[in-house]
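Any read-out appearing in this document is the output of simple, stated calculations on the displayed coordinates, not a laboratory observation. Computed from a predicted structure; not experimentally measured. Neighbour counts are summed over all protein chains in view; Cβ atoms, including those assigned to glycine, are modelled from backbone coordinates with ideal geometry.
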Amino acid sequence: MPENTFVLQSEIERETGFSIEQLRKWRQRFGFPPALYGLNGKAIYSRESIDRLHLIKRLLEAGFRPGQVVARTVAENLKIAADLNKFKPEIHRSDSINALINLLSQSDTEAFKALLHKEHAKGTMLDFVQNTITPLMICIGDAWFSGEIDVYHEHLCSSIIERYLIAETLKSKPKIAFPVFLFALPPGERHQLGLLMVEAVMAEAGAYIVNVGTDIPLNSLKLAAKECKADVVAMTFSFSYPLRNIVPTLAHLRRLLPPQTFIWAGGAGLLNVKRIPKGIKIMTQFDEAIKELSEMVRVGQLQ
């Protein structure tokens, strides 16, 4: 075969971003990438392996773990990639979304923040997360996956928006006789943007917000809910969260908390869950959460 169909081991990190040691560990654990050697005895990688590593890299950056993707075939990983988009609505890239993506691609963070603030000023936080942040993140993800922008642009976008939402949430003042929300990510979950979006919407609507962050053991979450006198414990599950862990996590949390404490769950990870444990309220839309909040206040379902 022609020489350019292979990549030397010395060039692999520059080509893929993975170190030689990382690939060696994967080969021992998952059997990939296979060990190949040139006529001179030096380790080489086929172009097929390089292309497969590029796909794996994109999936890892999307939140998957090595055990979920490295041992899979290209066809299986392409299906995972397709599934990432399966649950996303078709989004038209408006002029404002294009402008935001263009500013990110130029790393013009100040102009990006200014335009973000301008879009928020057009309406409520609910309008902002539904009409700006949600379509922006979908379009950013598509632009990254198609190679239009680098992954650091997507991470930069998430970082700026997360900080913006936290700042806006802290500005909101809870209303009297409105519920206390305790927000947390389940153990092992790292994607917090969806949770912060719900927080910001609930805070503007009048709820009292407590966020205990990530990797809080469920027993500690029980203690936090008790001490904060939480009316609602809310958490989100991303698409990359292990499906097998979602129902046991929710069921265990339900057993730990008293019946009068509501549990809300949302996120793309729940779309593949067929049976939700009793006592768990699934929120698929932001306005759904607003309606439920209003109903709680109306009937006085508060601790």
Computed over the chain: longest principal axis from alpha-carbon atoms vs helix 109-120 long axis, angle to nearest 10 degrees, is 40
Taking 0.36 nm per residue of separation and subtracting the Cα-Cα distance, what length does fully extending R24 through K291 add? 90.9 nm
State the percent of C-alpha pairs, over all pairs in region 172-299, separated by a distance greater than 18 angstrom. 48
Which whole-Hz couplings ³J(HN,Hα) result when phi for each residue of region 121-129 is put into the Karplus expression 6.51 cos²θ - 1.76 cosθ + 1.60, θ = phi - 60°, listed in order with x for Gly and Pro? 5, 6, x, 7, 4, 4, 4, 5, 6
Tell me, what ³J(HN,Hα) does each residue in region 64-77 have, in order and in whole Hz, if you take phi through Karplus 6.51 cos²θ - 1.76 cosθ + 1.60 with θ = phi - 60° and put x for Gly and Pro? 6, 9, x, x, 8, 10, 5, 7, 7, 6, 4, 4, 5, 6
Once you've got the GNM for the chain with C-alpha springs shorter than 10 Å, pick whichever of I209, I160, I133 has the biggest mean-square fluctuation. I160
How are the C-alpha pair distances of region 111-152 spread across 5 Å bins, as whole percents from the shortest bin up? 6, 23, 22, 22, 16, 9, 2
If H117, H153 are placed from fewest to most neighbouring beta carbons inside 10 Å, the sequence is H117, H153
Treating the angle as unsigned and between 0 and 90°, give the value, to the nearest 10°, between the Cα long axis of helix 134-145 and the longest Cα principal axis of the chain. 10
Indicate, rounded to the nearest 5 percent, the antiparallel portion of the DSSP beta bridges found entirely in the chain. 25
Which semi-axes, in whole Å and largest first, does the equivalent ellipsoid of the chain have when worked out from the alpha carbon gyration tensor as the square roots of 5 times its eigenvalues? 41, 24, 15
Quick check on the chain: helices-only [θ] at 222 nm, where DSSP H runs of length 4 and up contribute -39,500 (n - 2.57) each and the sum goes over total residues. Nearest 500, please. -16000 deg cm²/dmol
Using label points projected 7 Å from each Cα along Cα→Cβ, tell me how many nm separate H54 and K42, to one decimal. 2.2
At q = 0.20 Å⁻¹, work out log10 I(q)/I(0) for region 3-86 with the Debye formula, treating every Cα as an identical point scatterer and leaving solvent out; two decimals please. -0.90
Can you give the Rg to Rh ratio of region 95-170, both from alpha-carbon atoms, with Rh computed by the Kirkwood formula? 0.94
